[in-house]
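Rule-based calculations on the coordinates, nothing more; no lab input. Just so it is clear, the structure is predicted and the values come from calculations on it, not from any experiment. Here the Cβ is made from the backbone with ideal geometry for all residues, glycine too, and neighbour counts use every protein chain on show.
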2 protein chains.
Amino acid sequence: MSKHSDPKDAPPISNGLADNIGNVRHTLAHLLAAAVKKHYPKAKPSIGPAIDDGFYYDFEFPKGEAPSTQDLPKLEKTMREMLRAWTGFDREEVSARSASAYFKGNPYKLELIKDLQKAGTKITFYTCPPASYKKSLKGTSSDAHSFTDLCRGGHAENPSRDIAPDSFKLDRIAGAYWRGDEKNKMLTRIYGLAFASKEELQTFLEAREEAEKRDHRKLGTVLGIFTFDDDVGPGLPLWLPNGAAMIDELEKLAKEMEDKSGYLRVRTPHIAKESLYTTSGHLPYYKDSMYPPMKCEGVNYYLKAMNCPHHHKIFAARPKSWRDMPVRLAEYGTCYRYEKSGELFGLMRVRSMQMNDAHIYCSEEQFADEFRKVTELYLSYFKIFGIQKYVMRLSRHAPENLGKKYINEPKLWLKTEEMVRRCLTELNVPFTEAEDEAAFYGPKIDVEIWSAIGREFTLATNQVDFAVPARFGLVYTDKDGKQKTPLCIHRAPLSTHERLIGFLIEHFAGAFPLWLAPVQAKIIPISEKQASYAKEIFTQLRDAAIRVELDDSNDTLGKRIRNAKLEKVPYTLVVGDAEIKSKTATLESRSKGKIGALSVEEIINKLKQEISSRAL
Amino acid sequence: MSKHSDPKDAPPISNGLADNIGNVRHTLAHLLAAAVKKHYPKAKPSIGPAIDDGFYYDFEFPKGEAPSTQDLPKLEKTMREMLRAWTGFDREEVSARSASAYFKGNPYKLELIKDLQKAGTKITFYTCPPASYKKSLKGTSSDAHSFTDLCRGGHAENPSRDIAPDSFKLDRIAGAYWRGDEKNKMLTRIYGLAFASKEELQTFLEAREEAEKRDHRKLGTVLGIFTFDDDVGPGLPLWLPNGAAMIDELEKLAKEMEDKSGYLRVRTPHIAKESLYTTSGHLPYYKDSMYPPMKCEGVNYYLKAMNCPHHHKIFAARPKSWRDMPVRLAEYGTCYRYEKSGELFGLMRVRSMQMNDAHIYCSEEQFADEFRKVTELYLSYFKIFGIQKYVMRLSRHAPENLGKKYINEPKLWLKTEEMVRRCLTELNVPFTEAEDEAAFYGPKIDVEIWSAIGREFTLATNQVDFAVPARFGLVYTDKDGKQKTPLCIHRAPLSTHERLIGFLIEHFAGAFPLWLAPVQAKIIPISEKQASYAKEIFTQLRDAAIRVELDDSNDTLGKRIRNAKLEKVPYTLVVGDAEIKSKTATLESRSKGKIGALSVEEIINKLKQEISSRAL
């Protein structure tokens, strides 16, 4: 998931962030409110926090009087004028009563004051520019050049000195419910961007523009990768032929890698009886994220939200001995999770997800080796996709919560955590640690990756599981004839098709490497005269299992070549009379330009070689 | 589905089949009842029809007095004794009143008599052997050597002449609810087998024994192909690694064949909103076969019972022109159908099915060509699987039902039916025709195939669809700039994985051709001394994408070789010291016996070549 600022996490009362840029952003929120009050004296301010890339402030405007995007430059100009003369805030402690009197008629501030009073928190007012305009609290807010706000503090010490006037910019206007609750009144939110310098602001704007160009929702549609349909349902992507071709390639990759690593593939249905999720222990915790049950002949069936319980049943289906261990069961299993409508986001937050799942059942002795192999698999995938920046996060248990939040196996916790740590260190994988954030059944590893344009994505979660195999009564017969319960590693290095393809669209800006490109080659005859030769080449490439299209439409040659570029097709094969004569096609590469006239056999060999190498 | 006799289709009153063997079987049902009445005078007979391979008769016995399998020879002996002296039935027309008086105390016969009376049907009694024992209707049934039954007739003319005493055999005893309704009393059903001659009976028994050996439920478990689990649910197979390997191969085959034929692959979710099935028109007709809906935020979601509506949405997602047509969308889509518990049968009747589905959208002009290509695809598959006997059944409309049972497009019906007929004739495909059995939206083709042991299976249904594309508003822009609605061909030549693999297990008796075999090769070191060499060969084969297992267990060499045979592994590679020295392995084929010592490279090449040719 993108870590873009999420306004719902903002506190109800503006409070400065600990770092300096946080204070700057918070200061600018006050300044924005002062400017708004100057131009719109009837506006009722509510809250205005600093956020990841700047700040915002929410106002209630009288009906029909709210500003629009066109008004932002005017407000920005006023902010800069005020900033020039502004050397600091005036701070004043006030009683709840005088605070309420001051904000009479503003239901938002009155609600906040009431909350502060209830919590026994000191109430403070901060007033901003210019100091000469400072008014007594007894006065009314008729002086539009001064703005007094209810605030906890956390500001730039000297705004005119600390804030460069070209390091911020008002960005956009949006609607936002008071306190994020759709039952409340819709307010007008004005967003601003703010950074430490003009250069940083510029860099951010350029990166954002690039990210917008690469937006997987936009590119995914243009490139015919996926679509959504109202009659199918929100969060349930339909994969168009180009998307399905990518999925096939990803599954082929996974199969190749897993076959070599001794995984066994399985297939399980998408539903199961309620009792399966009672046994697994998922039901009480997970019910809200699952689609509601289907009741048939008195039995509740659920759509699966995870594949593990089905895999545990497959492990249990035939007796196992130490000779069979480790057992690695893999399946691209589609799971269903009922994410809230408001949280759905393109391919990044969906309700149906095809997961690169596997469960590795192993003995304690085998654990370190298996975990190392899983980590190496990740690294291989990073290499294949050209992912250069990544970090793993090891979530550990907390000893004081053993037997409560965590299964009471103190030695096993320490041992596996140390094994994981050692493995990550030995493989030179960058990682961080977080105490008291593990799953109840074992330590957890979250994998974060960065796209080519520097956006962060959470790719996958690996989990070590001490507890659930025992709940399912899973055992293998050890060398000593005794029945032992295996550990289980849950892993999904390629995440879900949905999230991975969403990431890859942005990462490659749709210009996928040849092996992954939905259309690998396009054949363009110069005119109708070469139609039958073009068709012949088309069939040759298709029979060689190259994904090829023939563009013999009426568009001009130039337009057809431009279309191929727009569709980011890796290779075009242009054929004219010369090519017919020499039994060739003129090959042009998306990235390297014109290559020249080659025989069809040479072209097929070249492309096949590039495909099988999975070159970037 | 196997076309084994389905008792639920038997008429409530025994009536003879039209053909001679039917009359014989029906006659034997009477004879069985006479023999039962001789040994168990308190038995209350109910019904006794002829069925596909013989006959049965259902009785109520007093508690604890029902016969068991051990009693069958005794009954059979009595039947043969009676048969000897039995030259014909006595037939008598009776009133409902005297019929009821005669069967006083037998609630089954009384119920049947009431039904006949209600329907205004003539009531007839048939009395059987020997004629000398014939009793007046006024008497009681104290004479156990005669048996009078309520019957419509349809018997052998002269049983002692027409029925060979060694051409029938009592088979087994089972419980059966009166009139097949589980709310009714459970009766005792005695099954008999009957054929035209002793030889035919013998052939049937041998074929049945072979079929039992090949039973996909038994072999499927032994070979680790699939399993069912109570917590997952009935009719929901879990595919074990060996089954999943076969599925992967079948999908690879389908992909190869379809890629070459210009299909485009898509992927769709397993659920959709109710509105999708309202649009498609499935909901009112199909609701009972679907899992009940999941209600989320006021919207009903259904598990899909068919893939077509999702595919229609994909067709509609992007504008189409005549240049795009035909559009062939393929997906191995898993569908869910709620078959009744009692009708579930191994892999043959299941609730989750992975379907080799595709929908071909084409113009009327393209239809004949597309249909021919689909039929050719079938023929290619038959060849690959060694299916030698098959027949297609063309279900046509009936003109008088146009606009009622069938969409009112008289010309399109005749045209497509004729196109289908011509195509089947030209391709020399054996086919039959059936009037008034089409789907409402177009003619339908059912494909029947026979396994290597001569059992019949319905593999798949192809349908031509004139109606549903219009319901979804599907259009393409034709050359003349007008928007036209395409026809749609629904096709699934490889049926579902479930049904096809069930068939293939029986067809090959588990000895699958190399390309399809879950385990293609097994490496067996003679002793522990060769363990590391064996492991080395194992890795070489695995890296060459051959599904290989290493059996280095403690079992004797003989036992390990026998196990490989039992598991029907196509090739074993035995390695001893001689093989290490010569860097070879001794290859043995499942079907052709010992091949000899070959280098690992030679073995890999040989196997890869056989795999890619998909030789039988």
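Which percent of Cα-Cα pairs in the range A:149-236 sits in each 10 Å bin, short to long?
Here the calculated profile for the range A:149-236 is 13, 22, 31, 23, 9, 2.
Placing a label point 7 Å from Cα toward Cβ, how far apart in nm is A:Thr556 from its equivalents in the other copies, listed shortest first to one decimal?
8.5
For the range A:445-587, what size does the Cα cloud have along each of its three principal axes, sorted from largest down, in whole Å?
76, 39, 21
Mind giving me the nanometre distance, one decimal, between the label points for A:Lys287 and A:Lys415, set 7 Å out from Cα along Cα→Cβ?
With each label placed 7 Å out from Cα toward Cβ, I get 3.6 nm.
Calculate, in nm to one decimal, what B:Asp577 and B:Lys529 gain on full extension: separation in residues at 0.36 nm each, minus their alpha carbon distance.
Numbers: separation 48, 0.36 × 48 = 17.28 nm, distance 0.80 nm.
That pair, B:Asp577 and B:Lys529, stretches by 16.5 nm at full extension.
What fraction of the DSSP beta bridges in the protein assembly as shown is antiparallel, stated in percent and rounded to the nearest 5?
Details: 166 of 198 bridges.
Of the beta bridges lying entirely in the protein assembly as shown, close to 85 percent run antiparallel.
Report ³J(HN,Hα) in whole Hz for each residue of the range A:268-283, in order, from the Karplus equation J = 6.51 cos²θ - 1.76 cosθ + 1.60 where θ = phi - 60°; Gly and Pro get x.
10, x, 8, 10, 7, 5, 3, 4, 4, 8, 6, 4, 5, x, 6, 3
What 222 nm value per residue comes from the helices of chain A, counting each DSSP H run with n ≥ 4 as -39,500 (n - 2.57) and dividing by all residues, nearest 500 deg cm²/dmol?
Numbers: 19 runs with 220 residues, N = 616.
That comes out to -11000 deg cm²/dmol.
With only alpha-carbon atoms counted, please give the Rg and Dmax of chain A, in Å.
30.1, 94
Using DSSP loop states and a limit of at most 16 other Cβ atoms within 10 Å to flag GluC sites (Glu not before Pro), what is the longest stretch of chain A containing no flagged site? Kindly include the intermediate steps, with their values, before the conclusion.
On the way: sites that count: A:Glu65, A:Glu157, A:Glu182, A:Glu297, A:Glu339, A:Glu435, A:Glu437.
The reported range is A:438-616.
With a cut-off of at most 10 other beta carbons within 10 Å, and DSSP calling the residue loop, which trypsin sites (Lys or Arg not before Pro) in the range A:508-614 qualify? Please list them. Spell out each step's value before the answer.
Details: sites: A:Lys522, A:Lys529, A:Lys535, A:Arg542, A:Arg547, A:Lys559, A:Arg560, A:Arg562, A:Lys565, A:Lys568, A:Lys581, A:Lys583, A:Arg590, A:Lys592, A:Lys594, A:Lys606, A:Lys608, A:Arg614; in loops: A:Arg547, A:Lys568, A:Lys583, A:Arg590, A:Lys592, A:Arg614.
Taking the range A:508-614 and a limit of 10 other Cβ atoms within 10 Å, the loop trypsin sites (Lys or Arg not before Pro) found are A:Lys592.
Across the residues of B:316-322, average count of Cβ atoms on other protein chains within 10 Å? Each step should come with its number before you reach the end.
Numbers: counts 2, 8, 5, 0, 0, 1, 0.
Neighbouring Cβ atoms belonging to other protein chains average 2 per residue here.
What's the average, rounded to a whole number, of partner chain beta-carbon atoms within 10 Å of each residue's beta-carbon in A:296-303?
4
Does the range A:294-338 come out rounded, prolate or oblate by the C-alpha gyration tensor, with a ≥ b ≥ c the root eigenvalues, rounded set by a/c under 1.5 and, if not, prolate when a/b is larger than b/c and oblate if not? Intermediate results must be reported in sequence, preceding the final value.
Numbers: a/c = 4.90, a/b = 1.86, b/c = 2.63.
Judged from the Cα gyration tensor, the range A:294-338 comes out oblate (a/c at least 1.5, b/c at or above a/b).
Scan around A:Lys522 for amide H atoms under 5 Å from its own, H built in the peptide plane at 1.01 Å from N, and keep only partners 5 or more places away or cross-chain.
For A:Lys522, the qualifying residues are A:Glu549, A:Tyr571, A:Thr572, A:Leu573.
Over the range A:220-507, with a single point scatterer placed on each C-alpha, what log10 of the ratio I(q)/I(0) does the Debye formula yield at q = 0.07, 0.08, 0.11 1/Å?
-0.27, -0.35, -0.68
Take the Cα gyration tensor of the range A:521-612, multiply each eigenvalue by 5, square-root it, and list the three semi-axes largest first, rounded to whole angstrom.
On the way: eigenvalues 63, 48, 29 Å².
Working from the Cα gyration tensor, I get semi-axes of 18, 16, 12 Å.
Determine the shape class of the range A:252-367: with a ≥ b ≥ c the square roots of the Cα gyration tensor eigenvalues, call it rounded for a/c under 1.5, and otherwise prolate if a/b is greater than b/c, oblate otherwise. Present the calculation step by step, with values, prior to reporting the outcome.
Details: a/c = 2.32, a/b = 1.42, b/c = 1.63.
The shape class here is oblate.
The range B:372-444: which trypsin sites (Lys or Arg not before Pro) are DSSP loop and have at most 16 other beta-carbon atoms within 10 angstrom?
Of the trypsin sites (Lys or Arg not before Pro), the ones in loops of the range B:372-444 whose Cβ has at most 16 other Cβ atoms within 10 Å are B:Lys389, B:Lys404, B:Lys405.
In chain B, which helices (entire DSSP H runs) extend 27 Å or more along their own long axis, judged by Cα positions, while averaging at least 0.0 on the Kyte-Doolittle scale? Don't skip to the answer; put the middle values down first.
Details: long enough: B:20-39 (29 Å, 0.07); B:241-260 (29 Å, -0.84); B:364-385 (32 Å, -0.37).
Qualifying helices, which must be both long enough and hydrophobic enough, are B:20-39.
Say each of A:Asp543 and A:Glu212 gets a label point 7 Å from the Cα, pointing the same way as Cα to Cβ; how far apart are those two points in nm?
4.9
Give me the lysines in straight-line cross-link reach of B:Lys581: C-alpha distance below 30 Å, same-chain residues under 8 apart excluded.
Answer for B:Lys581, where 30 Å is the Cα cut-off: A:Lys260, B:Lys522, B:Lys529, B:Lys535, B:Lys559, B:Lys565, B:Lys568, B:Lys592, B:Lys594, B:Lys606, B:Lys608, listed by chain and number.
In straight Cα distance, which lysines are under 28 Å from B:Lys404, not counting same-chain residues fewer than 8 positions off?
Answer for B:Lys404, where 28 Å is the Cα cut-off: B:Lys287, B:Lys304, B:Lys313, B:Lys415, B:Lys444, B:Lys484, listed by chain and number.
How shielded is B:442-451 by partner chains, expressed as the average number of their Cβ atoms within 10 Å of its Cβ atoms? Show your work: numbers first, answer last.
On the way: counts 0, 0, 0, 0, 0, 0, 0, 0, 0, 0.
The per-residue average across the peptide is 0.
Any aspartates and glutamates with Cα under 18 Å of the A:Lys38 Cα? List them, leaving off those in the same chain fewer than 8 positions away.
A:Asp58, A:Glu60, A:Glu65, A:Asp71, A:Glu76, A:Glu81, A:Asp143, A:Asp149
Copy-to-copy spacing for A:Asp166, label 7 Å out on the Cα-to-C-beta vector, in nm, shortest first?
Ordered by increasing distance: 11.1 nm.
Semi-axes of the equivalent ellipsoid for the protein assembly as shown, please: Cα gyration tensor eigenvalues, times 5, square-rooted, ordered largest first, whole Å. Mind showing how you got there, number by number?
On the way: eigenvalues 913, 297, 245 Å².
After scaling each eigenvalue by five and taking roots: 68, 39, 35 Å.
How much space per residue, in cubic angstrom, does the convex hull of the C-alpha atoms of the range A:30-88 take up?
On the way: hull volume 5.8 nm³, N = 59.
Once divided by residue count, the hull of the range A:30-88 is 99 Å³.
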